[in-house]
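The values are calculated or read from the model by the stated rules, or taken from the named source; none is laboratory data. Small disclaimer: the values here were computed from a predicted structure and weren't measured. Neighbour counts run over all protein chains shown; Cβ positions are idealised from the backbone, glycine included. The accessibility values were calculated without ligands, DNA or RNA, using every heavy atom of the protein model including side chains. Shrake-Rupley method; radii C 1.70, N 1.55, O 1.52, S 1.80 Å.
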Amino acid sequence: MRGRHLPRPRLLTDTIAALATPPGRSALALIRLSGREAFRAAARCLEPFRVTPPRTVFRARLSHPDTHELVDDCLAACFPGPHSYTGEDLVEISTHGGLVVPAAAVAALVVAGARPAEPGEFTRRAVLNGKMDLLQAEATADLIDAGSPAQRRRALQQLERGLSDRLAALRSEILELEALIAYDIDFPEEDEGPVSPERVRAAWSAVRGRVADLVQTAPEGERLREGALLVIAGRPNAGKSSLFNALLGTERAIVTEIPGTTRDAIEAHAVIEGFPFRLVDTAGLRESEERIERMGIAISKRYLDAADLILFCRDQEHDALPDVVGKPVVEVVTKADLPNRPSAHPPIRPSVSVATGKGLAELRRRLAEVAFGRLLALGDVEPVVTRARHRAALDRALLELDAVWDARVSGIDAAAAATHLRAAVLALDDLIGAVTPEDVLDRVFAAFCVGK
């Protein structure tokens, strides 16, 4: 329309700039500049400016390109493409930290010809320029967000192509299986050729089993990213809040000898044996006529329905377990330092004392084993599926592989069976990011920080 100016579309060929470190009081701040005109924009702000030798730090004065007002005395390094993080010409500038200096530096670079980067745009360009695949990009975000040693180790394993290499091997196996079936397509009248039905079935069974094994890691892998929801339950005054505080390592929940002190659920993050947990202290489970307590109990039951693992605190033999189906439950006898406690039956009912610390180490190990037993067995060498997107793609590949054998046993011609193999390969390509549509990329990178 006349008189209205539509915003210029943001292109991946634009030169972009962003602060790569968190804003706020700090010794240093890192600013990234990437794109075809990155060196030209940097040259307008930095004096002196040197592209060669590459990947070498030099000292420079950073000034506003129009007013020539000094912004900061900084360090900079140039990374000519394609040998850079993004695959493009890239400049990294280290300024003093704080709020004012880094913001003024980015503003100067924008005036010099860059535009502010979108969240995750540097890593998105790295993917599109072939510097990493989509799984590695997701691992980069997971490494940044890691809040436990297990999350850090798993993100590093994926960043170093652990899952990518496994998927590439599976892709090759499926293509080899397609080549075996192709013999039937090329020579349909041959009753018995060089490729026996037994060989085809063995190849199909092997690759199908490996895909299924990878899918089975998904529940614990996704739990690792989000943190296992551990709900602490039991009757009032059973020691739930004391145990919650002990596992958390801080006094978060109010503890008194009065039954019913906890009225609402309290949730907090904790690291247990290196694994991430979301601990929930809930209201005591009992029949009650008091309205507020009944509301708290209703919230407790909703948490129990959503739990990955239930820690049931028992301080009397007749305490009834909560009515849950399909949920792993770890029973624990609380207040073990007091006389006349219920009998403990390790490892089903370890006894603990928050007052003395007795049994807490054993309980932590037990919780980690129940919540992450498969990951503990696999160690840090075997790849693991950590996102719902991964699971969905592998499920599609598994369905297509099953359809291959269904077609063969039903007497459907080999050409039709081979189409399912091609679909399975495409599912793996989607997972790696070889043919990922823009809307999927948008969702993946939306959660990234701007400077990454």
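Would you list, by chain and number, the lysines whose Cα falls below 25 Å from the Cα of Lys452, excluding same-chain residues fewer than 8 positions away?
Excluding near neighbours in sequence, the set is Lys131.
So if we plug the beta-carbon distance of Leu175 and Asp380 into 1/(1 + (r/R0)^6) with R0 = 22 Å, what FRET efficiency do we get, rounded to 0.05?
So, using R0 = 22 Å, E works out to roughly 0.15.
Return the sequence-ordered ³J(HN,Hα) values of segment 418-425 in whole Hz as given by the Karplus equation 6.51 cos²θ - 1.76 cosθ + 1.60 applied to θ = phi - 60°, using x for Gly and Pro.
5, 5, 5, 5, 5, 5, 5, 4
For Ser94, what accessible area in Å² do you get when you roll a 1.4 Å probe over the heavy atoms of the protein chains, rounding to the nearest 10?
40
List the residues whose amide H sits under 5 Å from the amide H of Phe312, counting only those 5 or more places along or on another chain, with H placed 1.01 Å from N in the peptide plane.
Amide H neighbours of Phe312: Ala233, Val330, Glu331, Val332.
How large is ³J(HN,Hα), in whole Hz, for each residue of segment 353-358 in order, when computed from phi with the Karplus curve 6.51 cos²θ - 1.76 cosθ + 1.60 and θ = phi - 60°, using x for Gly and Pro?
3J(HN,Hα) across segment 353-358, in whole Hz: 10, 5, 5, 9, x, 4.
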